[in-house]
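Structure first, then comments.
The values are calculated or read from the model by the stated rules, or taken from the named source; none is laboratory data. Predicted, not measured: the structure shown is a model, and the values here were computed from it. Cβ atoms come from the backbone with ideal geometry, glycine included; neighbour counts cover every protein chain shown.
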Amino acid sequence: MDYQRRLNRAQENMVTKNIGLMYLTYGPNLWYLAGMPRADIEFVEFGRHADHIWGAYIGIDGQVVLVAGGVRGSVFKRQSSKMPWVKMVRSIDDSENPDDVLAEIIGLFDPKDKGIVVDDRARAETVVALKRVLPHNLITTASDITAPLRVIKDQDEIATMTEAGRIADEVCAEALKFLEVGITEFDLAHHIYYQLGKRKVAYPAFSTAVIFSSPDRRRTQGNKVSTNDVKLQVGDSVSFDFGACFNGYCSNLGRTAFIGNPPPRYREAYDFMMHTHSANLAGLATGRVTAVQSESKAGRTAEGVIRDDDYVLSCFVHGIGVDHHELPFPDRDVESLLMPGMLLAVETSITDRAGYVCQLSDVVLVKEKGIEPLTNFHKNLSIID
């Protein structure tokens, strides 16, 4: 990954927008711009001294100053030793006042009356501290700088995402082998985590969602917390949605299986969902449609099949990369055309009136002509005898 080039482009955006300083947490934006290993996506530890000002401070010269305390500061010094764009690592002692340290760091950049951007995931405590030190500077979100850079993926990113997709395909196959009567949703979710770990995936891209459903046990797509008391039985539909965070980049794969012989009603629901998913994929065309238009095309296809509220259908298209959800977002970016190099997650799910839940999720690369799937596990209904 060419991190220096990314920092240079971010610097150019900062100058154009009259931004004097950017603050980033140890998360996806910092991984993208500077290659600093990111923390676990969902489980972040707070409560350390001055940890609300830990992070990276980036000026218009492109230099990065890292701030952390205790052992974490020593770790960052080691990790950044081969990163020439990191100017220094400032370790915070427990005896130091956080506002004094923050003022010291900001003084290195001297933003004067320029704007300040902070990571979209920064804590409120961080923003309040910045306002104490810089009461007259306008503070906005760092995505104004980073999001335009992240939308189009380069060849290194595409190669990494391709490998993340391959890993997801392998883990999906292992998940299906694991299915048997008596296991719980919790068992399957943690088997998926185990299989990801065997493939050197440090952590999942998001919490794995497992849903066992049947007319006797109604579930919904909104209920995505896998439980340890719902046991798999003959006649159940099994939907699972997971992703690998491989070298900082996320994959997303969702598939569905059935335990035993699916009733005709269920096959109809599944075939309908797969047809809609295929229509959604077919609607993705470089430079001619927006993400929201591609999504609505699938919706129009679905309207021709839905009758009497038999099905509740969900179609969702969104960007994916260092974040599981990133630009383009159909509900926010309605005018943006799909362009070569965009990576999209395409998710389709259905709940029928009988209570069954089915799901398909895939990642695709937008190319000059059409798309290239990065997740390739078959989409047919997997039947477990």
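Within the stretch 2-32, the set of residues being outside any helix (DSSP H, G or I) and buried (at least 17 other Cβ atoms within 10 Å of the Cβ) comprises 19, 20, 21, 22, 23, 24, 25, 26, 27.
Scanning the stretch 232-250 for residues that are within 23 Å of the chain's Cα centre (by Cα), among the acidic types (Asp, Glu) and over 16 Å from residue 347 (Cα atoms) yields no hits at all. Being at pLDDT 95 or above and buried (at least 18 other Cβ atoms within 10 Å of the Cβ) is the filter; apply it to the stretch 170-186 and report the residue that is farthest from residue 249 (Cα to Cα). Top of the filtered list is 179. Keeping to the stretch 354-375, report how many residues are of a type in the set (Asp, Glu), touching a strand residue (DSSP E or B) at 6+ places or on another chain (Cβ under 9 Å) and more than 23 Å from residue 270 (Cβ to Cβ). Total meeting the criteria: 1.
Could you give every pair whose Cβ atoms fall below 8 Å, whose first residue belongs to the stretch 122-138 and is in contact (Cβ under 8 Å) with a residue 12 or more places away in the chain and within 15 Å of residue 104 (Cα to Cα), and whose second residue is charged (D, E, K, R) and assigned to a helix (DSSP H, G or I), counting only separations of at least 6 or pairs across chains? Every condition considered, the pairs that remain are 129/99; 132/99; 133/99.
With the stretch 112-224 as the region, which helices (runs of 4 or more DSSP H) entirely inside it contain at least 1 residues that are over 27 Å from residue 55 (Cβ atoms)?
155-178, 185-198
Under the condition of being farther than 28 Å from residue 193 by Cβ, surrounded by 13 or more Cβ atoms within 10 Å (Cβ to Cβ) and not small (Gly, Ala, Ser), the residues counted in the stretch 132-153 number 13. Screening the stretch 202-246 for residues that are of a type in the set (Asp, Glu) and modelled with pLDDT under 90 and picking the one that is surrounded by the fewest Cβ atoms within 10 Å (Cβ to Cβ) gives 229.
Results for (1) at pLDDT 90 or above; (2) within 16 Å of residue 76 (Cα to Cα), shown as yes or no for each residue.
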| residue | (1), (2) |
| --- | --- |
| 5 | yes, no |
| 10 | yes, no |
| 15 | yes, no |
| 27 | no, yes |
| 38 | no, yes |
| 44 | no, no |
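Taking the criterion of being farther than 18 Å from residue 359 by Cβ and surrounded by 23 or more Cβ atoms within 10 Å (Cβ to Cβ), the only residue of the stretch 247-267 that qualifies is 249.
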